[in-house]
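The values are calculated or read from the model by the stated rules, or taken from the named source; none is laboratory data. Every value quoted in this text rests on a predicted model; they were computed, and no experiment measured them. Here the Cβ positions follow ideal geometry from the backbone for every residue, glycine too, while neighbour counts run over all protein chains shown. Heavy atoms of the whole protein, side chains included, go into the accessibility calculation; ligands, DNA and RNA do not. Shrake-Rupley method; radii C 1.70, N 1.55, O 1.52, S 1.80 Å.
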Amino acid sequence: MNRSADRVATVRAFNRLYTGVIGVLDEGPADAEYSLSEARVIFELAQQDPTQVTDLRKRLDLDAGYASRLLARLEGRGLLTRERSDEDARRQIVRLTENGREAFAVLDERSVGRIGSLLGRFGDDEQERLLGAMDTITSLVGERASDPTLVLRPPRPGDFGWVVHRHGALYSREYSWDERFEALVARVVAEYVDRRGDPRQAGWIAELDGERVGSIFCTPGEDGTTAKLRMLLLEPAARGRGVGKRLVTECVEFAKVSGYTAMELWTVSLLDAARAIYQKAGFRLVSEETIAGFGYELTGQTWRLEL
């Protein structure tokens, strides 16, 4: 089976498992007083009441005929009312009645209990892993914000291990570099941590909507007047969003206010996207050398920016 087929099979297996879990959480016992579709309508109206029928249909992905029959059943049970919109008589507005809100309260309490029972099967660490995986799926397949919030912050405990891990994983996947590159990054991170408290070094972790997507570090050079730009990392989801430019700008500005007269960085020639960011920031190529590193022969490059 090829890699594409493996991935499709994995998604289908997850779908079967997920559908079973959702059935347990949403459907309840076979003699429940509301069908799954009816419960979904009640939940949606409780979140936004009143709402237009057309908007409700879109949110629940219901065709017009089925939605009309579903709303009629709930209206007949006294759980909601339908009326014409004052703004546009062609549109129908639907809202919960007092009985409908009482029904929602019961359904909501049951849902909270079922989800609590599911989470209760796991310890705190497992719960965090589960919720983190849910966040990841939501961010990848859900609707994305057109302008996600970018935050640059200092690294915290746990971020340093993430920097090493993501460098190793991404460069192995994208360039087939071996573990020697990950070891190099680990040494640089260790040197940075060993110098913690040094006012002439700093690091930044980039977050988009709360998710770590990048890093960069400024450290002192050997001569004391030249800063080093190190460990620029961009997750694939962050590329093309201006995150790399922001990280490099932040690093360069820190070097300037810290009294450095120049900044240098080392990279390899095949990293075109990174080199483009450096060039736009004003860095100039000053030397090249052939190296046998990370499993391949590479062209190492030193770039320099006068501050």
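Kindly provide the set of residues from segment 231-248 that are touching a helix residue (DSSP H, G or I) at 6+ places or on another chain (Cβ under 7 Å), open to solvent by less than 20 Å² (accessible area, probe 1.4 Å) and in contact (Cβ under 8 Å) with a residue 60 or more places away in the chain, ordered by number.
Within segment 231-248, Leu233 is the sole residue that qualifies.
Does Val164 qualify as being aliphatic (A, V, I, L, M) and open to solvent by 40 Å² or more (accessible area, probe 1.4 Å)?
So Val164 fails the test.
Answer yes or no: is there a residue in segment 108-126 that is open to solvent by less than 70 Å² (accessible area, probe 1.4 Å) and over 31 Å from the mean Cα position of the chain (by Cα).
no
Taking the conditions exactly as written (open to solvent by 70 Å² or more (accessible area, probe 1.4 Å) and under 26 Å from Tyr296 (Cβ atoms)), does Tyr171 satisfy them or not?
Considered against the rule, which asks whether it is open to solvent by 70 Å² or more (accessible area, probe 1.4 Å) and under 26 Å from Tyr296 (Cβ atoms), Tyr171 comes out as no.
From the list Glu289, Glu297, Glu191, Glu306, which one is open to solvent by 70 Å² or more (accessible area, probe 1.4 Å) and closer than 24 Å to Pro154 by Cα?
Of the residues listed, the single one that is open to solvent by 70 Å² or more (accessible area, probe 1.4 Å) and closer than 24 Å to Pro154 by Cα is Glu191.
Which residue, of Arg101, Arg91, Arg84, is assigned by the TED database to the domain that holds Gln48, of a type in the set (D, E, K, R) and surrounded by fewer than 13 Cβ atoms within 10 Å (Cβ to Cβ)?
Arg84
Of all residues in segment 53-102, which are farther than 18 Å from Ala39 by Cβ, among the aliphatic types (A, V, I, L, M) and more than 38 Å from the chain's Cα centre (by Cα)?
If the condition is that a residue be farther than 18 Å from Ala39 by Cβ, among the aliphatic types (A, V, I, L, M) and more than 38 Å from the chain's Cα centre (by Cα), then Ala89 is the only one that fits.
So which of Arg230, Arg187, Arg166 ends up being basic (Lys, Arg), at pLDDT 95 or above, assigned to a strand (DSSP E or B) and closer than 23 Å to Gly295 by Cα?
Arg230
Looking only at segment 47-67, how many residues end up being buried (at least 16 other Cβ atoms within 10 Å of the Cβ) and more than 19 Å from Thr97 (Cβ to Cβ)?
2
In segment 256-286, what residues are closer than 17 Å to Gly244 by Cβ, open to solvent by 40 Å² or more (accessible area, probe 1.4 Å) and not hydrophobic (A, V, I, L, M, F, W, C)?
Selection gives Asp272, Arg275, Gln279, Lys280.
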